[in-house]
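Novice: Before we start, here is the structure in question, set down as structure tokens.
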Amino acid sequence: MLASASVAAAVAAAVAVSVLHAKDLGGGPVLYGLLVGALTGGVVVGIRTAPALLPTLSRRRLLALALAFTGVALLAAGLVPDVTSVVLIMTLAGVGAGLAANTGHTLLDQETEDQRRPRTTEHLHAVVRVFVALGAVIAPLVAAGIGPHRLENGRFVFAHGGAAFTLMLVGALLLPVAALVLAKVDDRSGVPLRQDLRDALLGGDDPEPAPAGAGFFIALEGGDGSGKSTQAEALAEWIRAKGHEVVLTREPGATPVGKRLRSILLDVSSAGLSHRAEALLYAADRAEHIDTVVRPALERGAVVITDRYIDSSVAYQGAGRDLSPTEIARINRWATDGLVPHLTVLLDVDPETARERFTEAPDRLESEPAEFHARVRTGFLTLAAADPGRYLVVDAGQEPEAVTTVIRHRLDQVLPLSEAEIQAREEARRKAEEEARRKAEEEAARKAEEERLERERQEQLARLRAEEEERKRRELEEAQRREAERQAEEARQRAEEAHRRAEEERQRLLAEEKARAEAEARRKAEEERRRKQAEEEARLRAEAEALRLEKQRRAEEALLRAEQARRLAEQAAAAAEAGPATTGRPDPATTGRPSPATTARPEAARRRTVEEAATVPTPVVKPADAPGGGPVDETAVLPRVPDEAAGRRSGRSPVSEAEVTTELPMPPVPPGAADETAVLPPCRRVPPTRPPYCLPYGATSGARPTGGCRPATSGTSVRRRPTTARVSCRRSTPRTRRGAARVPTGPRRPRWTTCRPWPTNCWARATAMPTARTGTVTRTAGAAGADRWGPRVRVMSVLTRTMDPVRQT
Ligand SMILES: Nc1ncnc2c1ncn2[C@@H]1O[C@H](COP(=O)(O)OP(=O)(O)OP(=O)(O)O)[C@@H](O)[C@H]1O
Ligand SMILES: Cc1cn([C@H]2C[C@H](O)[C@@H](COP(=O)(O)O)O2)c(=O)[nH]c1=O
């Protein structure tokens, strides 16, 4: 471990000062890289070549020699000022360091028990890391501390920087470490190092390895109790099972001579036998064994498994004793005529562990001390490391089956096939070929089928694509056709719509034209009608005026006559007053009470006058209001209202039944009121003139109930008079719109008439009250501004007027 840590620290120090050393050498980063590369590359080469380097040389001595070699190389690297030489020397230093590291690691593994090996390895790596860190840190400091120095002695000039001195110092320090290792771990103290090294380097005049014939030669090596016999039997059985001829043999004692030699060699009574005699006796047994057993078997083609061979002599008599392994090996190569095993299986196990497996009393060699057996183990491992291709090192501390498995695995790789295996393999190959051919045919058929199916599928796909494209094309065409049809239909509909609209417009224009014409015709007819109506009204008014004038004239004449009569009467009265009274009757003129005759005449005259004067304006009759809808060409001239008294006197009604409205029943008249007739104001049409005391519902505000009229409310000057008779009122039928509902029969009723509290639902004409002071005047409807229901509809308003001639005039 000390050797490994030292060499690691030396390499780290050299790498650390390489940058300074390169600068001191006049180089730059390139030289620094070369120095570092040379060192690390050399280390790698040394690690890889260490197992095969000088296989007959003791590994312990090799470790010491590698340390010394590294130290010398570093010392030279510091001394030599030439750049190329320094790079080369650095490479050698790296190789030596790698040799030392690998050898030290191998020795540590060999000398450490299996259980402790991982921990030992970890410990070694930790120590190495610490030394590497120390070397990498301390070396530059040392170099800086030393600094450059120049010594001149005549022609000799010694000029180096601190890095060179550091390298020399590191190299110099490795030399005593190498000496210490050699002194402590040397296992060949009796053999001069120089001789050992020379023998290792020269190698001797070994015969060329002789071929082992057609067979396969397997050697099982290892310390006592490592399990060689156990594994040899297991392998022999396994190989036989493969069909091989197996020859299981051993050394020493496989031959009759060998048996006797074995007893000599292993018998404890042979203690003190010289090492060289021992080595020669083992070589003699081996020669006989190879000559009589092994080589014949190999020539037969058998698999020969030998329990121990030359390596046992090299390990026991060479590494274990103080004899040169190289010489032992050369002697045995001579004895066997250079027969080398195809595979050497080294069952490596700790000697102490193996000793625990002993079941018999130890023989002479087994009785050797542990150090002897440790060197033997190292000797075996050194040989195995020198030729890893031929050796199989197995951890024999495992279970026997596990060890067997490892060996089988290796033999599976190197053991030739037996005849049976060859035939089996041939048969298997033939079957495999046949199977492969069959599979190939099947595969070809399958592929052909797949290709056929693929072709069919592709064809089907192509067909489907074509059909799909055809379908899409048809759909597109159909869509285009439908679109064209739709557009055509839309165009047709638009044309129809335009045509229809044009027709409608034309019809509308025609209708409008017709309506205008009709309206014009109606307007003209209306104008004509109005003109005629106006003419008729004018005529009627003229006639009425003429009649009125006539009546007025007559009345005036009557008045004149009355006045004349009154004057005559006054004259007569005056005459009478002037003459004596002839009768007992009081003179009316004097008494103030006219005689019945005289009073009757003026009264009759006055009444006629009043009747004649009581004309009414002739209403304007609308053609549309005429019954039957026909125009009224003539205004009916109402007959004069006959005198009721005359009527009563004649015993018949002065008017026809059709002209007499229903006579209302006489309400009970209170005494004293029979002679009084309420003087009702004239009932006028509203509009334009409404009765002052009777307004239609809705004329002001509020809803108008069905039928009837309402009394004028506040804001209207209504004089409520107690009406008793001769009033007509509206029948309380629902008011309908014009033409919507009409009274089916009977005379048309006026819309407006006088109202009275009772009877509320009547449609009658109040008859004249039986009083001489009242008179009735019927007014014909149809006058302009009166009733529009026609001339034959009589306005049933009955005006009761006082017939006071004075008031009338
Ligand atoms: N891997 C193993 N683990 C434990 N015991 C073992 C193992 N291999 C063998 N043994 C036992 O160790 C004893 C020695 O075994 P074996 O004789 O095979 O060793 P050997 O190397 O041939 O010894 P020797 O060199 O003395 O002839 C036997 O009892 C065997 O059963
Ligand atoms: C071949 C050979 C053997 N030995 C030693 C090693 C053993 O101690 C005995 C053989 O005993 P085993 O039980 O048969 O293994 O002999 C030796 O020293 N040198 C040899 O070449």
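Novice: Compute the length gained on full extension between Arg119 and Glu478: take 0.36 nm times their separation in residues and subtract their Cα-Cα distance, giving the result in nm to one decimal. Don't skip to the answer; put the middle values down first.
Specialist: On the way: separation 359, 0.36 × 359 = 129.24 nm, distance 8.91 nm.
Residue separation times 0.36 nm, minus the Cα-Cα distance, leaves 120.3 nm.
Novice: With a 1.4 Å probe and every protein chain kept in, tell me what percent of the accessible surface of the stretch 159-299 is carbon plus sulfur.
Specialist: On the way: 3770 of 6490 Å².
Of all accessible area on the stretch 159-299, carbon and sulfur atoms account for 58 percent.
Novice: Using heavy-atom solvent-accessible surface (probe 1.4 Å) with all chains present, what is the largest-first order of Met1, Met168, Met90? Intermediate results must be reported in sequence, preceding the final value.
Specialist: Working: Met1 75, Met168 20, Met90 0 Å².
Result of the area sort, largest leading: Met1, Met168, Met90.
Novice: Within 12 Å, Cβ to Cβ, of Leu383, how many net charges do the neighbouring residues add up to if Lys/Arg are +1 and Asp/Glu are -1?
Specialist: Details: positive: Arg59, Arg377, Arg390; negative: Glu221, Asp311, Asp348, Asp387.
After counting each charged neighbour, the total is -1.
Novice: Would you please state which residues of the stretch 24-64 a label at Ala144 would reach in this model, taking the label point 7 Å out along Cα→Cβ and a backbone N cut-off of under 18 Å?
Specialist: Hits in the stretch 24-64 for Ala144 at 18 Å: 24.
Novice: Please work out whether the stretch 167-317 counts as rounded, prolate or oblate from its C-alpha gyration tensor, where a ≥ b ≥ c are the square roots of the eigenvalues and a/c under 1.5 means rounded, while otherwise a/b larger than b/c means prolate and anything else oblate? Don't jump to the answer; show the numbers that get you there.
Specialist: Values: a/c = 2.31, a/b = 1.85, b/c = 1.25.
Note, shape of the stretch 167-317 comes out prolate.
Novice: Relative to the present Cα-Cα distance, how much length would full extension add between Glu426 and Ala361 at 0.36 nm per residue of separation? Intermediate results must be reported in sequence, preceding the final value.
Specialist: On the way: separation 65, 0.36 × 65 = 23.40 nm, distance 5.05 nm.
Length difference between fully extended and current span is 18.3 nm.
Novice: Answer rounded, prolate or oblate for the stretch 273-325, using the Cα gyration tensor with square roots of eigenvalues a ≥ b ≥ c: rounded when a/c is under 1.5, else prolate when a/b is larger than b/c, else oblate. Intermediate results must be reported in sequence, preceding the final value.
Specialist: On the way: a/c = 4.03, a/b = 2.26, b/c = 1.79.
Cα axes put the stretch 273-325 in the prolate bin.
Novice: At a 10 angstrom cut-off on C-beta neighbours, averaged per residue, how do the peptides 503-510, 360-367 rank from highest to lowest? Walk me through the intermediate numbers first.
Specialist: Working: 503-510: 11.9, 360-367: 14.1.
Descending mean neighbour count gives 360-367, 503-510.
Novice: Between Arg155 and Asp337, what is the FRET efficiency for a Förster distance of 51 Å, r being their Cβ-Cβ separation, to the nearest 0.05?
Specialist: On the way: r = 61 Å, r/R0 = 1.20.
Once the sixth-power term is evaluated, E becomes 0.25.
Novice: Excluding Arg300 itself, calculate the net charge of residues whose Cβ lies under 13 Å from the Cβ of Arg300, where each Lys or Arg counts +1 and each Asp or Glu counts -1.
Specialist: Values: positive: Arg295; negative: Glu245, Glu299, Glu419.
Summing Lys/Arg as +1 and Asp/Glu as -1 gives -2.
Novice: Kindly rank 124-134, 247-257 from highest to lowest mean number of other beta carbons found within 10 Å of each residue.
Specialist: On the way: 124-134: 15.9, 247-257: 20.4.
Result, highest mean Cβ count within 10 Å first: 247-257, 124-134.
Novice: Go through Arg116, Arg438 and list them by solvent-accessible area, largest first, probe radius 1.4 Å. Kindly include the intermediate steps, with their values, before the conclusion.
Specialist: Working: Arg116 135, Arg438 95 Å².
Ranked list, largest accessible area first: Arg116, Arg438.
Novice: Also, quick follow-up: Taking 0.36 nm per residue of separation and subtracting the Cα-Cα distance, what length does fully extending Thr405 through Ala519 add? Intermediate results must be reported in sequence, preceding the final value.
Specialist: On the way: separation 114, 0.36 × 114 = 41.04 nm, distance 13.01 nm.
Length difference between fully extended and current span is 28.0 nm.
Novice: How big is the charge dipole of the stretch 374-474 about its Cα centre, in debye rounded to the nearest 20, if each Lys and Arg gets +1 on its Cβ and each Asp and Glu gets -1 on its Cβ?
Specialist: Details: 23 positive and 25 negative charges, 82 e Å.
The calculated dipole for the stretch 374-474 is roughly 400 debye.
Novice: Please report the net charge: other residues with Cβ closer than 10 Å to the Cβ of Val268, K and R +1, D and E -1.
Specialist: Values: positive: Arg364; negative: Asp267, Asp363, Glu366.
So the environment of Val268 carries a net charge of -2.
Novice: Counting alpha carbon pairs within less than 8 Å and at least 6 residues apart, what relative contact order, in whole percent, applies to the stretch 228-371?
Specialist: Values: 148 pairs, mean separation 39.5, N = 144.
RCO, the stretch 228-371: 27 percent.
Novice: Something else about it: Sorted by average packing, counted as other Cβ atoms within 10 angstrom per residue and highest first, what order do 550-562, 344-356, 411-423, 214-226 take? Provide the component values of the computation, followed by the final result.
Specialist: On the way: 550-562: 16.7, 344-356: 20.5, 411-423: 14.2, 214-226: 24.2.
Listed from highest to lowest mean packing, they are 214-226, 344-356, 550-562, 411-423.
Novice: So how exposed is Leu79, as accessible area in Å² (1.4 Å probe, rounded to 10)?
Specialist: Around 80 Å² of this residue is reachable by solvent.
The values are calculated or read from the model by the stated rules, or taken from the named source; none is laboratory data. Model, not experiment: these values are computed from the prediction. Virtual Cβ from ideal backbone geometry, glycine too; neighbours counted across all protein chains shown. Ligands, DNA and RNA are excluded from the accessible area calculation, which covers all protein heavy atoms including side chains. Shrake-Rupley method; radii C 1.70, N 1.55, O 1.52, S 1.80 Å.
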